[in-house]
Amino acid sequence: MDRKILIIVENLPVPFDTRVWQEATTLAANGYTVSVICPKGKGYDKDYELMQGVHIYRHDLPAEGNGAVGYAREYLSALWAEYRLARKVFKERGFHVIHGCNPPDDIYMVASRFRKKGVDYVFDHHDICPELFEAKFGKTSGLLYKSQLWLERQTYRHCAFAFVTNESYRKIAIERNGMDPSKVHILRSGPRLERLKIQASAPEIRRGRKYMVGYLGVIGQQEGIEYLLQAARILRDKGRDDIFWGIVGGGPHLEALRRMAVEMGLEDIVEFTGRVPDDVMLRYLNTADVCVNPDEYNAMNDKSTMNKVLEYMALGKPIVQFDLTEGRFSAADASLYASRNDAADLAEKIASLLDDPGRRAEMGAIGRERITSTLSWEHTSRALLSAYDAYFTSRGL
């Protein structure tokens, strides 16, 4: 087989980016020659590395942009580095496809430089950038917002076909961007079961409390962790001093949330672990009685599939989250759904589950079964392999 793919991702390093790493290693394991271009960061600082058959090229990247000038500087720097490294990869081993992972929606510009060499662009739609902009800045107008819509349209216009994470994103590809439905493939980011192993709980994590509520994910401004802290405060004010809250993950909002927890008088029952290795993450989540996804309702979160929900399900954990379209699709009856952006209802749903061990066990089993039968990477990755097999077969490769 002589099928060669270059994956470009700008916002996270590989292998830290779980979706990209699963795609890359799955393709490599199935006979594809796979190269990846990504930024440095989060402990991955080598310029070049060969891991599990994947050739990884990394570049420096300025700090995340702030405002039009900052974003322009970040994006232009990344585009230049991606183009420079793509030329290097093309010379060293070649590629037939550039597989671009957003955000942002500008990697097609790199791919366009190789079109005359017979290289096609494939779009891997991770985040809907116009809605992400709205969630960050609260605007659906103005030049910057319109630029996100324009870049998204241009990306779909220039791709041979696209992968999207769910039905909501597929609808955006077809209805907002005029994509041929036959060229839009749903590739869900299912968890690998060999990574998420069910283990015995570690009671010492609970700091002497009877119950534990767990959270896993990025600690950013859009993750709604403020709702989780408000729920903790509401339950404590009602006399529930028997709950420990373990919040696992790192991100730019971590220190602000730690300060908020102290100001709310929650420092003795709320722990922010920061970024931790997988073995520590698994100890915390396996100890949790209930896991929470507090992402607030907005246009971005309502249409996006959250990996944390699928990871909770893989570990057999019952879930509480706000009532979001794709969150409800993922978890189905493995979750309770609080009224949107209502911390009091979130607290009530958490308490009701903690007090009902039978229901917790039933919901956890439902979630685990959904993962093992349908939503694990072993199942969802078939869309990746079948789409690429059809594409390369059509090219006679």
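The values are calculated or read from the model by the stated rules, or taken from the named source; none is laboratory data. Quantities reported herein were computed from a predicted structural model and do not represent experimental measurements. Ideal geometry is used to build each Cβ from the backbone, glycine not excepted, and the neighbour counts take in all protein chains shown. Note: accessible area is taken over every heavy atom of the protein model, side chains too, but ligands, DNA and RNA are not part of it. Shrake-Rupley method; radii C 1.70, N 1.55, O 1.52, S 1.80 Å.
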- Task: Give me the number: length gained by fully extending Leu397 to Ala200, i.e. 0.36 nm times residue separation minus the C-alpha to C-alpha distance, one decimal in nm.
- Result: 66.1 nm
- Item | Karplus-derived 3J(HN,Hα), 6.51/-1.76/1.60, for each residue of segment 251-260, Hz, glycine and proline x | x, x, 9, 4, 5, 4, 6, 4, 5, 4
- Item | Positive dipole terminus of the chain, leading residue within Ala351, Leu196, Asn102 (C-beta point charges) | Asn102
- Output the relative contact order of segment 8-157, whole-number percent, from Cα pairs under 8 angstrom with separation of 6+ residues. 18
- Take the alpha-carbon centre of segment 294-337, take the same for segment 191-252, and report the distance between them in whole Å. 15
- Could you check which residue among Val309, Val54, Val262 shows the biggest mean-square fluctuation in a GNM of the chain with a 10 Å Cα cutoff? Val262
- FRET efficiency for Glu362 and Leu193 from the Cβ-Cβ distance with R0 = 35 Å, rounded to 0.05, comes out at 0.95
- Task: Heads up, I need the accessible area for Lys238: 1.4 angstrom probe, whole protein in place, Å², nearest 10.
- Result: 150
- Message: Place a point 7 Å from the Cα of Arg207 along the Cα-to-Cβ direction; which residues of segment 230-247 have their backbone N under 11 Å from it?
- Response: 243-247
- Item | FRET efficiency for Asp268 and Ser112, using Cβ-Cβ distance with R0 set to 56 Å, rounded to 0.05 | 0.50
- Message: Restricting to DSSP loop positions (anything but H, G, I, E, B) with no more than 14 other Cβ atoms inside 10 Å of their own Cβ, which trypsin sites (Lys or Arg not before Pro) remain in segment 164-199?
- Response: Arg195, Lys197
- Item | Relative contact order (percent, whole number), segment 109-254, Cα cutoff 8 Å, 6+ residue spacing | 19
- Item | Mean Cα-pair separation over length for the chain, i.e. relative contact order, pairs under 8 Å, 6 or more apart, % | 13
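Given +1 on the Cβ of Lys and Arg, -1 on the Cβ of Asp and Glu, and no further charges, what dipole in debye does the chain carry about its Cα centre, rounded to the nearest 20?
Details: 54 positive and 54 negative charges, 268 e Å.
Rounded to the nearest 20 debye, it is 1280 debye.
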- Task: Could you list, in their original order, any pairs among Lys42/Lys303; Lys88/Lys116; Lys91/Lys116 whose Cα atoms are separated by more than 21 Å?
- Result: Lys42/Lys303
- Of Gly246, Gly138, Gly367, the most mobile residue in a GNM of the chain (C-alpha springs, cutoff 10 Å) is Gly138
- Query: Given a Förster radius of 22 Å and the C-beta distance between Ala299 and Ala332 as r, what FRET efficiency does 1/(1 + (r/R0)^6) yield to the nearest 0.05?
  - Reply: 0.45
- Rg (one decimal) and Dmax (whole number) from the Cα set of segment 263-394, in Å, equal 16.9, 62
- Query: With respect to the cross-link table entries Lys139/Lys317; Lys4/Lys146; Lys197/Lys349, which display a Cα-Cα separation exceeding 29 Å?
  - Reply: Lys139/Lys317; Lys4/Lys146
